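Report on the following structure.
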Amino acid sequence: MNATPTEQPTDELVPESVIPPGHLPAMRYRDLPPPVPLRRMVGPSVILAGLALGSGEFILWPYIVYRSGFVFFWACLLGVATQYFINMEITRWSLATGESALTGFIRLSRKWTPLFLAFNVIPWFIPAWALGAAQIVSWLIWGPQFDAEGHLLSPHAVPIAIGGMVLCGAILTAGPVLYETIEKTQLVLVSTIMVSVVVLAAMLLKDRPDAIFAQISAVATAGSPDFIPPAASGLSAVALLGALAFAGAGGTLNLGQSNYIKDKGYGMGYYIGRITSPITGQEEAITEVGYHFPDTASNRERWRQWWRAASVEHFFSFFVTCVVCLVLLTLVSYVLFYDRDGQATAAAERYGADLGFVWGEAAALERMFGGSVKLLFLLMGIAILLTTEFGVLDATSRISTDLVKVAWLRDNARWTEGRLYYLFLWSTIGLGALLLAVKGESVEALALFKASSAMNGAVMFLYCAILLVLNRRCLPTAVRMSWPRMIVLAWAVLFFGAFTVWAGYGLIQKLLGSA
């Protein structure tokens, strides 16, 4: 979609009264490109939905239901709805300027660069998704094995996980144009997973309307009288914060939406250029500093059309996909571990606190429908987790590249976006492999999920506050955030902030108690 533009930039700079340049050079004026048909806009939000599938949808929220029923599911739906509006504000800056949201943050202050780089690297080099997929592969090859305490073992999962990460890296390196590789891969995987989830849920729910009623009732009453899972469930505040972050993509991955928008060529991103493989691709000219459009009647109309189309695409590709998968996969967990009276079955007590509950789901499916359904469920789990690992490696490498190039290496011709991207990609794979090698077979995938997701819940509190400032103060009136959306984003700050403080308080209490 990033064809060579015919419109040339003017020499006129965007004045400070329109968009303050801050700590970067001022933008130049360029007309907003004509909108494209909605079908050609599909892609960025599907990629983001693919990032959500392997964390919240397949692991954390089904696990929460496994441990406590639907008590906390109201917060899940509230979380994914909040993320829709957060993502659209991330989209707003990129549509209007062609820059990523993180470039906008750097305009406000370069001091955000090391902080967001740390938040982008530390939670995401943890290879939770690759390890989770590897554990399922281990169960399929060597069968379930339990230790003396009844915990499900996963022999040889570590080398399998490292191999999975290397495979993801090789696919990302081989594609000439990085965005096209990601989009094609995720469209196939997400579509296949969606069909599989719907079929599986239909098989289970046809005789269990009580599960649907229990879910609807819990959402309608906000889990009353408990509201949050009881202490007996073993679900800590840190785990719940992480689940809220992963009711959708979560953490810095949401910021990657603006990078995908640029590469797809939405709005002013049409003029920016794309990351290509230094091995197989033809390097494209990329500018880190964006453009803005003159305030004319034609540009205003184009902006309204772009914004409307982007909102519709994100609603159906991201929000609806996430909600459908969250609703159906938690219903699957409930049906497999709870009886018609809402009481946990014996199976719910057997599989402990790690990913053993996934094997428990598979074992229950085998009893109900036979071995072939169990196999398909586990294969679906492997596909979901590797889809997420694949997307995580790409998104985090893009974000780190964006931060370093814009803030520190903007005039360095040697360190192009492509070279920086692949440096971060393979460094992340190397760090993840080192972590697994050091921890060995003792590492638990679910513990890694909780650690990664909780850190990302905290960063969402931070960047929602920065987006409030950026999109209200630094954009002209015609495109800036409206008051209703300001209220929603302020709600996001309070929502994730409250859970961050709660989780931090619980963590401090735990540390003091163990001292």
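The values are calculated or read from the model by the stated rules, or taken from the named source; none is laboratory data. No experiment lies behind these values; they were computed from the predicted model shown. Heads up, the Cβs are rebuilt from the backbone with ideal geometry, glycines too, and the neighbour counts pull from every protein chain shown. The protein model used for the area step is the full one, side chains on, heavy atoms only, and it has no ligands, DNA or RNA in it. Shrake-Rupley method; radii C 1.70, N 1.55, O 1.52, S 1.80 Å.
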(request) Compute the Rg to Rh ratio over the chain from the alpha carbon atoms, using the Kirkwood formula for Rh, and round to two decimal places. (result) 0.97
(request) Determine, for each peptide in 493-501, 156-164, the mean count of other beta carbons within 10 angstrom over its residues, then list the peptides with the highest first. (result) 156-164, 493-501
(message) Report the Cα-based extents of the range 113-256 along its three principal axes, largest first, to the nearest Å.
(response) 52, 42, 33
(request) Using a 10 Å cut-off on Cβ atoms, rank the peptides 329-335, 291-297 from the highest mean neighbour count down. (result) 329-335, 291-297
(message) Could you order the peptides 60-70, 304-314, 121-131 from most to least packed, using the average number of other C-beta atoms within 10 Å per residue?
(response) 121-131, 60-70, 304-314
(request) On a 0 to 90° scale, report how tilted helix 128-142 is relative to the longest principal axis of the chain, with both axes built from alpha carbons and the result rounded to the nearest 10. (result) 40
(request) For Tyr338, list long-range residues whose amide hydrogen, built 1.01 Å from N in the peptide plane, is under 5 Å from its own amide hydrogen. (result) Thr345
(message) With only alpha-carbon atoms in the gyration tensor, what are the semi-axes of the equivalent ellipsoid for the range 426-508, in Å, largest first?
(response) 36, 18, 8
(request) Using Cα pairs closer than 8 Å and at least 6 residues apart in sequence, work out the relative contact order for the chain, in percent. (result) 32
(message) For Lys206, give me every one of the lysines with a C-alpha distance below 22 angstrom, ignoring sequence neighbours fewer than eight places off in its own chain.
(response) Lys374
(message) In Å², and per residue, what accessible area does the chain have when probed at 1.4 Å with the other protein chains present?
(response) 38
(request) Per residue of the range 12-29, in order, report the coupling 6.51 cos²θ - 1.76 cosθ + 1.60 (Karplus, θ = phi - 60°) as ³J(HN,Hα) in whole Hz, putting x for Gly and Pro. (result) 7, 7, 6, x, 4, 5, 8, 9, x, x, x, 9, 10, x, 5, 6, 10, 7
(message) Taking every pair of distinct Cα atoms and averaging 1/r, then inverting, what Kirkwood hydrodynamic radius in Å comes out for the range 302-408?
(response) 17.4
(request) At most 10 other Cβ atoms within 10 Å and a DSSP loop assignment: could you name the trypsin sites (Lys or Arg not before Pro) in the range 349-430 that fit? (result) Arg414
(message) Name the residue from Ile466, Ser217, Gly163 whose Cα lies farthest towards the positive end of the charge dipole of the chain, charges +1 on Cβ of Lys and Arg and -1 on Cβ of Asp and Glu.
(response) Ile466
(request) Count the net charge of all other residues whose Cβ sits under 14 Å from the Cβ of Thr252, scoring Lys and Arg as +1 and Asp and Glu as -1. (result) -1
(request) State the percentage of accessible surface on the chain attributable to carbon and sulfur atoms; use a 1.4 Å probe and exclude ligands, DNA and RNA. (result) 65
(message) A 22 angstrom limit on the alpha carbon distance is what I want to check against. Which of Lys405/Lys450; Lys111/Lys264; Lys184/Lys262 exceed it?
(response) Lys405/Lys450; Lys111/Lys264
